[in-house]
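Below: the structure, in structure tokens.
Read the figures in this text as sums done on the coordinates, not as results from a lab. Given the structure is predicted, the values throughout are model-derived calculations rather than measurements. Quick reminder, even Gly has a Cβ in these numbers, built from the backbone with ideal geometry, and neighbours come from all protein chains shown.
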Amino acid sequence: MKDTLKALILSAAQKAHDAGALPNNGFPEVILETPKVQAHGDFSTNFALISASIQKLSPKRIAQAVVDHLDNTQQWIEKVEVAGPGFINFHLHPSAWHRVLEAVLTQGRRYGALNLGKGTRIQVEYVSSNPTGPLHVGHGRGAAVGDSVANILAFCGYDVQREYYVNDSGRQIETLGRSVYLRLKALSGSKDPFPPECYQGEYIRHLAREILDAKETLPAMAPEEAGVAFCARYAAKKITEGMRKDLERFGVIFDRWYSEQSLYDAGKVERTLSELTDKGVVYEKDGAWWFRTSAYGDEKDRVVIRKDGQPTYFASDIAYHRDKYERGFETVIDVWGADHHGYIPRMEAAVEAMGWSKARFKVILVQLVNLLRGGVPVAMSTRAGEFVTLGEVLDEVGKDAARFLFLARHHESPLDFDLELAKTQSNENPVYYVQYVHARISSILKKGQERGITEAAYSEEAASRLTAPEEVQLLKALSGYPEVIHMCAVHMEPHRIPFYLMDLAAFFHAYYNKHRVLSDDPVLTHARICLVLAVKEVIRNGLSLLGVSAPEKM
RNA sequence: GCGCCUGUAGCUCAGCUGGACAGAGCAACGGACUUCUAAUCCGUAGGCCGCAGGUUCGAGUCCUGCCAGGCGUACCA
């Protein structure tokens, strides 16, 4: 619809030029927007305003010239006017919107899908929390954002892989092993002190008890080094399993869990570093090995191998990202907590130094979550091991509410997540507002079936009966869905979907309260069934991209 | 100190990458269920878009400088 209108405007401008009304035939791209104010029509363009400098005419005269040469033989434009400083406003005939219904009903769950990706392989890596403790709400937000972005990209024609990077190596894992080991010893009567740098959480004690109960005490109580290593392996595995379960409950399923340790085992870290040394971007200084990231825009060089010979996290991360590109991903997207933003320049540097354009590396930063209960902040201290886990949030508020709320905000905005609000099943909670539309429509359709109305295929005749303002408004909203998806995909911003859905839901509820779908008029009933069926489809479609269910009844 | 993010109605947030008089939802107030689900709808009220300059026909949006909050600035991850 937009495209036809654009073409119409361009050809009008061309005709105006041929007729001598416009001196110059250099025309800018036509930008159409949907005005906020209804009085400004269904679409408006600033075409005349941006043309003013080229045409050396006042915008109003240009606009008038275009309007005079507009070809409206199809009659679907009801009214065109020049307004304000030179906007051209188009008021469309209600019938112009009817075809949207046909599009939704025939394309079904593919409605809004765009082939932006054309099969391009793209990887989204998200959550990737260290297996040193359970997932908390912040991880939940990252999971929701990453998962939804992956959904949207897949919907738009990309070949998407979802990956979780398991940091099962290095210092933190050692600390984890030590923490469990010490708790285990304490259970057998040891009075060794528990150092503050160890993980304080209650789950560490649980793990220790588990080992004890499983009668695996023997290997665990082996000489310290071996005992710690055993505990580390055991705990990391258990914690990772727990994360996987929480994420599954949250509706997040990864295609692959990629182990950091496996990079070392396969010699990939070593190989990458030696190749980079050969290239001259890794050098030795002060007993440590440094990556020359400053040559690629980072503010300083970064250590990859510490003085003590241990590789840093950065070292394996370089090898990991190299591996991603070698696996054939055209674009790699990392979803990180905003507290890692300082890490971006060095990772970009690494990607570039290895020979890939940094345009192929994208980071989505997700801001932190402030957890509240009834407006009061909930104390969260990782160090003291006091925090509300994702699992607990899911127990309390459920998957749908949590996901919707996480996604109903721009990911770069800090988020206040109120547990009380999230679980209230009232109009304060937008999830149910949207889901309710789906349930209501399902109920109507069921009722319709009981009355023997089963056929709901699009027909021109029926659609032409949809002339009420509320109906036209719904049709307009439906026609805007593909563009919302487009914006989401291009900007990797899922939050546009919840906002769109709330608008669509509002239009539907208003419509529902004013008009009856099932009436004595069979043609009108058919038309309205088609309409609500289309609304239902789009609601379901949008919710599924968020990972939120669309219930048949509530 | 430097870097990144944020600042819009009492609260929580949108604002389509520069467009028309700034939009929702909650909360407040007043109305609507003998009807396909009232988890709904209709109406009222609410604003120096953090502050000050600049660019532009036109700025919440772009530039500069301040102010406030958050985060980062490791041979931690």
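For residue A:491 and residue A:102, compute 0.36 nm times the residue count separating them, minus their Cα-Cα distance, and round to one decimal in nm. Each step should come with its number before you reach the end.
Working: separation 389, 0.36 × 389 = 140.04 nm, distance 2.85 nm.
The residue A:491-residue A:102 span can extend by a further 137.2 nm.
I need to check one value: relative contact order of chain A, counting alpha carbon pairs closer than 8 Å and at least 6 residues apart, in percent.
Details: 881 pairs, mean separation 84.6, N = 554.
Value for chain A: 15 percent.
Which percent, nearest 5, of DSSP beta bridges in region A:277-372 are antiparallel?
55 percent
Over the Cα atoms of region A:2-92, compute the convex hull volume and normalise it per residue, giving Å³.
Details: hull volume 7.3 nm³, N = 91.
In region A:2-92, the Cα convex hull volume per residue is 80 Å³.
What nm value, rounded to one decimal, do you get for the distance between residue A:202 and residue A:340 when each label is placed 7 Å out toward the C-beta?
2.9 nm
If you scale each eigenvalue of the Cα gyration tensor by 5 and take the root, what three semi-axes come out for region A:427-546, rounded to whole angstrom and sorted largest first? It would help to have the intermediate numbers written out before the result.
On the way: eigenvalues 135, 48, 31 Å².
Square roots of five times the eigenvalues give 26, 15, 13 Å.
Amide H of residue A:302: which non-local residues (sequence gap of 5 or more, or other chain) have their own amide H closer than 5 Å, using H built in the peptide plane?
Under 5 Å from the amide H of residue A:302 lie the amide H atoms of A:291, A:293, A:294, each far enough along the sequence or on another chain.
Note the full-extension length gain between residue A:2 and residue A:174 as 0.36 nm times their separation in residues minus their Cα-Cα distance, in nm to one decimal. Could you put the intermediate results ahead of the total?
Working: separation 172, 0.36 × 172 = 61.92 nm, distance 5.91 nm.
Extra length available between residue A:2 and residue A:174 comes to 56.0 nm.
Between residue A:224 and residue A:327, what is the label-to-label distance in nm when each label sits 7 Å out along the Cα-to-Cβ direction?
Roughly 3.8 nm, to one decimal.
Each residue of region A:408-419 in order: what ³J(HN,Hα) in whole Hz does its phi give by Karplus 6.51 cos²θ - 1.76 cosθ + 1.60, θ = phi - 60°, with x for Gly and Pro?
Karplus values, whole Hz, x for Gly and Pro: 8, 8, 4, 5, 8, 9, x, 10, 8, 10, 9, 4.
Quick check for me: using +1 on Lys/Arg Cβ and -1 on Asp/Glu Cβ, what's the dipole size of chain A about its Cα centre, in debye to the nearest 20? Write down the numbers at each step before the final one.
Details: 65 positive and 70 negative charges, 60 e Å.
Computed charge dipole of chain A: roughly 280 debye.
Is chain A best put as rounded, prolate or oblate by its Cα gyration tensor, with a ≥ b ≥ c the root eigenvalues, rounded for a/c under 1.5, and otherwise prolate when a/b is larger than b/c, oblate when not?
oblate
Answer with one residue from A:103, A:70, A:85: the one whose Cα lies farthest towards the positive end of the charge dipole of region A:60-118, charges on Cβ with Lys, Arg +1 and Asp, Glu -1.
Comparing the listed Cα positions along the dipole, A:103 ranks first.
Using alpha carbon centroids, what distance separates region A:131-196 and region A:406-465, in Å?
Between the Cα centres of region A:131-196 and region A:406-465 lies a distance of 35 Å.
Helix-only mean residue ellipticity at 222 nm, chain A, DSSP H runs n ≥ 4 weighted -39,500 (n - 2.57), per residue, nearest 500. What is it?
Values: 22 runs with 279 residues, N = 554.
Computed ellipticity for chain A at 222 nm equals -16000 deg cm²/dmol.
Give me the one-decimal Kirkwood hydrodynamic radius in Å for region A:221-272, with the sum taken over alpha-carbon pairs.
Details: mean 1/r = 0.0753 Å⁻¹.
Radius from the Kirkwood sum: 13.3 Å.
Please list, in order along region A:262-278, the HN-Hα scalar couplings obtained from phi with the Karplus expression 6.51 cos²θ - 1.76 cosθ + 1.60 (θ = phi - 60°), rounded to whole Hz, x for Gly and Pro.
5, 5, 5, 4, 8, x, 6, 5, 4, 4, 4, 5, 5, 5, 5, 5, 4
What is the magnitude of the charge dipole of region A:171-249 about its Cα centre, with +1 placed on the Cβ of each Lys and Arg, -1 on the Cβ of each Asp and Glu, and no other charges, expressed in debye to the nearest 20? Let's see the in-between values first.
Working: 14 positive and 12 negative charges, 26 e Å.
Taking the Cα centre of region A:171-249 as origin, the dipole is about 120 debye.
In nanometres, what is the gap between the two model label sites at residue A:192 and residue A:294, each 7 Å from Cα along Cα-to-Cβ?
4.2 nm
From the cross-link list A:191/A:237; A:15/A:36; A:268/A:362; A:215/A:238; A:237/A:399; A:185/A:245, which pairs have alpha carbons spaced over 19 Å apart? Provide the component values of the computation, followed by the final result.
Working: A:191/A:237 27 Å; A:15/A:36 30 Å; A:268/A:362 23 Å; A:215/A:238 16 Å; A:237/A:399 25 Å; A:185/A:245 29 Å.
Check vs 19 Å cut-off fails for A:191/A:237; A:15/A:36; A:268/A:362; A:237/A:399; A:185/A:245.
For region A:67-83 and region A:501-518, what is the separation of their C-alpha centers, rounded to whole Å?
Taking the Cα centre of each part, region A:67-83 and region A:501-518 sit 31 Å apart.
Can you give me the long-range amide H partners of residue A:258? Hydrogens built in the peptide plane at 1.01 Å from N, cutoff under 5 Å, separation of 5 or more residues or another chain.
A:164, A:165, A:166
Calculate the translational D of region A:103-186 in whole µm² s⁻¹ from Stokes-Einstein, where the hydrodynamic radius comes from the Kirkwood formula applied to all Cα pairs, the temperature is 37 °C and the viscosity 0.692 mPa s. Write out the running numbers ahead of the final one.
Details: Rh = 15.7 Å.
The Stokes-Einstein estimate is 209 µm²/s.
Quick one: go through region A:67-83 and flag any residue whose amide nitrogen is under 14 Å from the point 7 Å out along the Cα-to-Cβ line of residue A:19.
From region A:67-83, the list is A:67-73.
Using the Karplus curve 6.51 cos²θ - 1.76 cosθ + 1.60 with θ = phi - 60°, what ³J(HN,Hα) values do you get for each residue of region A:509-515, in whole Hz, with x for Gly and Pro?
4, 5, 4, 4, 6, 9, 10
Scan region A:316-425 for GluC sites (Glu not before Pro) in coil per DSSP, keeping those whose Cβ has at most 16 other Cβ atoms within 10 Å, and list them by number.
Values: sites: A:326, A:330, A:348, A:352, A:386, A:392, A:396, A:412, A:420; in loops: A:330, A:412.
Hits after loop and neighbour filter: A:330, A:412.
Quick one: which residues, 5+ away or cross-chain, put their amide H under 5 Å from the amide H of residue A:366? H built at 1.01 Å from N.
A:336, A:337, A:338
Determine the percent antiparallel among the DSSP beta bridges restricted to chain A, to the nearest 5. Can you show the working numbers first?
Numbers: 23 of 46 bridges.
If I count the DSSP bridges inside chain A, around 50 percent turn out antiparallel.
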